Amino acid sequence: MSMTHTYAVVEPTRADVDALTQPTVLEFGTGWCGHCRAAQPLIAAVFDDHPEVGHLKVEDGKGRPLGRAYRVTLWPTLVFLRDGKEVARLVRPQRQDDIRAAFKALTPT
């Protein structure tokens, strides 16, 4: 799987996310968010090195249950999941090295 480039308007349920078995990055944000847009090239560069990692890109906002379940308050928020459990989190990443480190927590060798 590769990086998803558009935010899903219809979000999965928390139960669906908890049931994931593939290493996955759950990204919360919006297409109009400047911080989200600025982070996209950094995120994409790291995803290129991790084709085994899934990517769920979910549009977030007030009253959106999945974002509230993960206590998201700023965008983008990247939640790194292994077997449906959070192993790392980045909020407004600005450095590719930070994203790479989180991917290592997700896919230990």
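Only the coordinates and a few stated rules stand behind these numbers; no lab work does. Predicted, not measured: the structure shown is a model, and the values here were computed from it. All Cβ positions, glycine included, derive from the backbone under ideal geometry; neighbour counts span all protein chains shown.
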Problem - Length gained when the stretch R71-D97 is fully extended (0.36 nm per residue, less Cα-Cα span) - result: 6.9 nm
Exercise for the section: Give the label of the value calculated from the structure for Rg/Rh (Cα atoms, Kirkwood Rh), choosing from (1) 0.92; (2) 1.02; (3) 1.06. Expected result: (1)
Practice task
Give, as ranges by residue number, the residues of region 72-102 whose backbone N falls under 15 Å from the point 7 Å along Cα→Cβ of D48.
Solution key: 96-97, 100
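If exposed means no more than 12 neighbouring beta carbons inside 10 Å and the site is in a DSSP loop, what's the longest run of the chain without any exposed trypsin sites (Lys or Arg not before Pro)? Provide the component values of the computation, followed by the final result.
Numbers: sites that count: K62, R71, R95.
My reading of the result: 1-61 is the longest stretch.
Restrict the search to region 1-61; then list the chymotrypsin sites (Phe, Trp or Tyr not before Pro) that DSSP places in a loop and that have at most 13 other Cβ atoms within 10 Å of their Cβ. Display every interim value, and only then the final one.
Values: sites: Y7, F28, W32, F47; in loops: Y7, W32.
Those satisfying the criteria are W32.
How do T30, T77, T13 rank when sorted from fewest to most other Cβ atoms within 10 Å of their own Cβ? Present the calculation step by step, with values, prior to reporting the outcome.
On the way: T30 15, T77 22, T13 11.
Fewest-to-most ranking of T30, T77, T13: T13, T30, T77.
Select from region 3-86 those GluC sites (Glu not before Pro) which occupy a DSSP coil region and have at most 11 other Cβ atoms within 10 Å, ordered by residue number. The partial results should precede the final answer.
Numbers: sites: E27, E52, E59, E86; in loops: E52.
Hits after loop and neighbour filter: E52.
Between T21 and R37, 0.36 nm times their residue separation minus their Cα-Cα distance comes to what?
Working: separation 16, 0.36 × 16 = 5.76 nm, distance 2.82 nm.
Net length gain for the segment: 2.9 nm.
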Exercise for the section: Would you calculate, for the chain, the mean residue ellipticity at 222 nm contributed by helices, counting each DSSP H stretch of 4 or more residues as -39,500 (n - 2.57) and dividing by all residues, to the nearest 500? Expected result: -9000 deg cm²/dmol
Problem - Of A39, A15, A88, the one that fluctuates the most in a GNM where the chain has Cα springs shorter than 10 Å - result: A15
Handout entry: Relative contact order (%) - criterion: Cα under 8 Å, at least six apart; region: region 14-106
Key = 39
